[in-house]
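A quick write-up on the structure given underneath.
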Amino acid sequence: MLRPCEGNRHGPGPWNPARHRRVTGAVPTPAPLLKPFRPPTFALLLLCSGCGQGLFDGRPDTGTIEYALSFPDQAANGIMSGMLPEKTTLAFTGDRQVAELSAAMGLFRTSMIMDGQGRTMDYQLTLMGKRITAKLEAADILEYFSAGGRPTIVHTQRRDTVAGFPCRHAIAIFPRLECPEVELWYTDEIALNAPNWMNPYAEVEGVLLRYEMVHHGLRMRMDASSVRPGQVDPAKFAVGEDFQRVSPAMLKEEMDEVLGSFQQ
């Protein structure tokens with residue numbers, strides 16, 4: 001009687017590895033089972049690291065705001081009025097911001113690189129080829145930008161649209177009587193983390209699109225003309241290699257002298 005394992009005309013019978021080895025000299029390796037694809041963990045981390053809070057609710061979390069600049073205390077026909085800047089830009093992404101302006105036909109430029117997590121600012125000044133920068137800590141920033149003291153913020157029911165964004169209204173009342181009240185128009189439709197931590201209006205949680213600031217004795221009024229969502233060049237958030245590091249006090253002295261000349 002033929003055994004089933006040897007095969008016969010009714011069929012080959014069960015597969016026998018030993019018999020197959022005698023015929024072919026090798027036992028074939030069974031094909032591996034396909035596993036479902038799972039992206040590596042580091043790839044997921046990289047993907048999510050670029051996801052801000054606005055990605056999931058439609059609000060822009062990276063982009064550039066352009067503001068028209070005016071100077072309420074300066075005479076329109078003053079000697080230096082033509083040298084004052086006419087606009088400034090604020091680029092933002094996540095916890096970082098950089099504000100830039102240029103005046104005197106490009107001879108005077110500033111760049112303020114703000115780190116919302118570390119609560120520090122790299123302040124860069126370019127003046128007729130001279131390039132200096134200082135790192136400002138919390139106490140330095142308070143001295144630079146809170147000359148009028150911390151104001152009381154009074155929120156109102158007024159609403160308006162600035163640069164295409166719906167805005168709420170508030171009034172800043174400063175403790176020093178010589179400082180006039182400031183109207184603030186801000187939006188919560190831009191996903192910028194703690195947007196005002198470095199200025200006197202830290203209590204306001206939205207992004208300021210129309211407001212005033214006093215900087216080194218010079219009152220500036222900012223009115224947003226456009227908001228452009230989109231990626232920002234990472235190089236904007238880095239201090240230039242050709243800038244000389246100085247102390248915050250030395251930088252402030254230089255800024256006071258330059259901006260003082262604009263008030264002649």
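The values are calculated or read from the model by the stated rules, or taken from the named source; none is laboratory data. Everything quoted here is computed from the prediction, not taken from an experiment. All Cβ positions, even for glycine, are placed from backbone atoms using ideal geometry, and neighbour counts span all protein chains on display. Heavy atoms of the whole protein, side chains included, go into the accessibility calculation; ligands, DNA and RNA do not. Shrake-Rupley method; radii C 1.70, N 1.55, O 1.52, S 1.80 Å.
Structure above, values below:
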| quantity | calculated |
| --- | --- |
| Answer from LEU177, LEU218 - the residue that is touching a helix residue (DSSP H, G or I) at 6+ places or on another chain (Cβ under 9 Å) and either aromatic (Phe, Trp, Tyr) or surrounded by fewer than 20 Cβ atoms within 10 Å (Cβ to Cβ) (or both) | LEU218 |
| Criterion: of a type in the set (A, V, I, L, M), open to solvent by less than 30 Å² (accessible area, probe 1.4 Å), touching a Ser or Thr at 6+ places or on another chain (Cβ under 6 Å) and over 26 Å from ARG168 (Cα atoms) - qualifying residue of VAL207, VAL232 | VAL232 |
| Residue identified as at pLDDT 95 or above and within 16 Å of ASP223 (Cβ to Cβ) among ALA99, ALA91 | ALA99 |
| Hits in the range 49-87 - residues which are open to solvent by less than 50 Å² (accessible area, probe 1.4 Å), within 25 Å of ILE190 (Cα to Cα) and modelled with pLDDT under 80 | CYS51, GLY52, GLY54 |
